[in-house]
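In what follows, a structure is listed as structure tokens, so that the remarks can point back to it.
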Amino acid sequence: MYEATINAPDGVVASVEYRANAPAIFVDYPADNSVVRDRVISVGGRASDFDRGNSGVSSVVVNGSISKGGVSSDVQTAFWSNTVAMKLGTNTMQVVATDASAINPGKATNSVVVTYQPEFIDLPSQVFDELALASLDLAADDKSLSDRVLSHSLKSGPSGLSVTASDRLTWMPTESQGPSTNLVEVAVTDGFVGTTKRVMIHVREVNTPPSLKAVPDSTLAAGVEWSVLVEGTDRDLPVQQLAYTLKASPAGMVINQGNGTIRWTPSRAQGPGNYPVTVSVADSVGAVVEQSFRVSVSGPAQRPTLAISAANPNGTISLQIRAEQGLIVDLEHSGDLNTWLLAQQITGQTMDQPVQLVLPTDPNTQAVFWRLRLR
């Protein structure tokens, strides 16, 4: 409100007041970057005029179209709404509110983005192998909105799975993740609206061949038992039962098929010598791995010596045998040279410790014939 003094010709001074028209003011208005999915949208708001008297908001124009409903020249506040046709992309919407005097209308502008929701083109179920890197390209349709940049992200999925910046789903399932069925949810957005999609990924069990720990080469002594444990490992889950086999080995060497223990007592005839050994291990699926090593037998292959050392007065004969460690001496007797019975056995003697055996010579004894077996 303004006040002014007017000087009349008769010298009378008069005081008058007058009002300047105030523009309509928008109290409520849609925020910028409102996101809608259709081309035709409804917008609304509230405008007020603070002038006195009959100067309320008389009309509201949205993009050149008079709003529908809620506008009255008898009130200072007008609620308005309108249906506006928009184009795809960014639209600049202008709202004009005019009071009763149609002077100094209030204006407000806003940017409204109209976009379609992007959709995934195709995401069929996938089959990945455990312990192998696999990928899946993600693609979506933006309804030809070429100015929109689509980006993908992972919403939920198993450990280790990710979506790269190049919109590719990648995953290397671990041994413990196969076999399995996994529900994966991915998302795509154009920066304004987005959508999600679920894809089923099946992880296939892939058999992993077992492995063998290296067995070092060994040097053995003839006649002495030797053993070594062949250690195999299966990385599959659940762990499979392994079976061990000697593929190549010297005579007399054996292996425990269940636990991989090799045992061998090389005979005196096998020394000295150098022997290749090849052992294999197989899992329950049939995958086989092999490993080779060598064993050497030390010591000369000497034959034992036998001599009659003395004829005793009591009618017995003393024999002396010289042999290396590990030699087994069997003293046997027979009455008919067909059936032989063990009379005495001595083992573990060496060349420096001769074996002493005493044989009876009484012709009346049942044992007429005697023999020594050396092994």
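The values are calculated or read from the model by the stated rules, or taken from the named source; none is laboratory data. Bear in mind the structure is a predicted one, so any value in this text is a computation, not a measurement. Cβ: placed from backbone, ideal geometry, glycine included. Neighbour counts: every protein chain shown.
Residue under question is Arg198, and the condition is that it be charged (D, E, K, R) and assigned by TED's automatic domain parsing to the domain that holds Leu123; does it hold? Yes: the conditions hold for Arg198.
For Glu185, are the conditions met, namely being in contact with a Ser or Thr (Cβ under 6 Å, 6 or more places away or on another chain), modelled with pLDDT of 95 or more and among the acidic types (Asp, Glu)? Yes: the conditions hold for Glu185. Of everything listed in (1) surrounded by 19 or more Cβ atoms within 10 Å (Cβ to Cβ); (2) touching a His at 6+ places or on another chain (Cβ under 9 Å), the single unmet condition for Thr189 is (1). Scanning segment 212-246 for residues that are charged (D, E, K, R) and either over 12 Å from Phe293 (Cα atoms) or without any contact (Cβ under 8 Å) to a residue 40 or more places away in the chain (or both) yields Lys213, Glu225, Glu231, Asp234, Arg235, Asp236. For segment 185-208, the set of residues classified as among the β-branched types (Val, Ile, Thr) and out of contact with any Lys or Arg (no Cβ under 7 Å at 6 or more places or on another chain) consists of Val188, Thr189, Thr195, Val199, Ile201, Val203, Val206, listed by residue number.
Filtering segment 224-253 to residues that are hydroxyl-bearing (Ser, Thr, Tyr) and out of contact with any Pro (no Cβ under 8 Å at 6 or more places or on another chain) leaves Ser227, Tyr244, Thr245, Ser249.
Within segment 234-270, if we keep just the residues that are of a type in the set (Val, Ile, Thr) and modelled with pLDDT of 95 or more, the residue that is surrounded by the fewest Cβ atoms within 10 Å (Cβ to Cβ) turns out to be Val254.
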